[in-house]
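Step one of this worksheet: look at the structure below.
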Amino acid sequence: MGLEDTKGPTVRADWFYTTEGQFKYWSVTGDRLSTVNDCRALCLQARKLLLVSPTRHSLSRELTSEKDDVYRWLYFLKERYGLEG
């Protein structure tokens, strides 16, 4: 069995924006729709925990104004840990 045989499904979240800051969005994609849906469900649960954690008091305006729960969690990760290029 080669390495390709043991590789599991992948999912990624990419953040896009304009330099003027007028257009920002996340793209959550993967090699299987079920994996992407599982990732989105995990983000929803994490967001619920975020809103009841002590961390909630230090959330940025961008985070608190985000209407999409999945994106709110992704923005939290981006703010807290940065992005890899």
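The values are calculated or read from the model by the stated rules, or taken from the named source; none is laboratory data. Predicted model, so just to flag it, every value in this text is computed and none were measured. Note that each Cβ is placed from the backbone with ideal geometry, even for glycine, and that neighbours are counted across all protein chains shown.
Name the pairs whose Cβ atoms lie under 7 Å apart, with the first residue in the range 28-52 and over 15 Å from Leu74 (Cβ atoms) and touching a residue at least 12 places away in the same chain (Cβ under 8 Å), the second of a type outside the set (A, V, I, L, M) and not in a helix (DSSP H, G or I), and 6 or more positions between them or separate chains?
From the range 28-52, the pairs are Asp31/Pro9; Asp31/Thr10; Arg32/Pro9; Thr35/Pro9.
Mind checking which residues of the range 48-85 are assigned to a helix (DSSP H, G or I), more than 23 Å from Pro9 (Cα to Cα) and basic (Lys, Arg)?
Lys48, Arg56, Arg61, Arg72, Arg80
Which count do you get for residues in the range 5-42 that are of a type outside the set (Asp, Glu) and in a loop (DSSP other than H, G, I, E, B)?
The total comes to 10.
Give the residues of the range 15-57 that are modelled with pLDDT of 85 or more and of a type in the set (Gly, Ala, Ser), sorted by residue number.
If the condition is that a residue be modelled with pLDDT of 85 or more and of a type in the set (Gly, Ala, Ser), then Ser27, Gly30, Ser34, Ala41, Ala46, Ser53 are the ones that fit.
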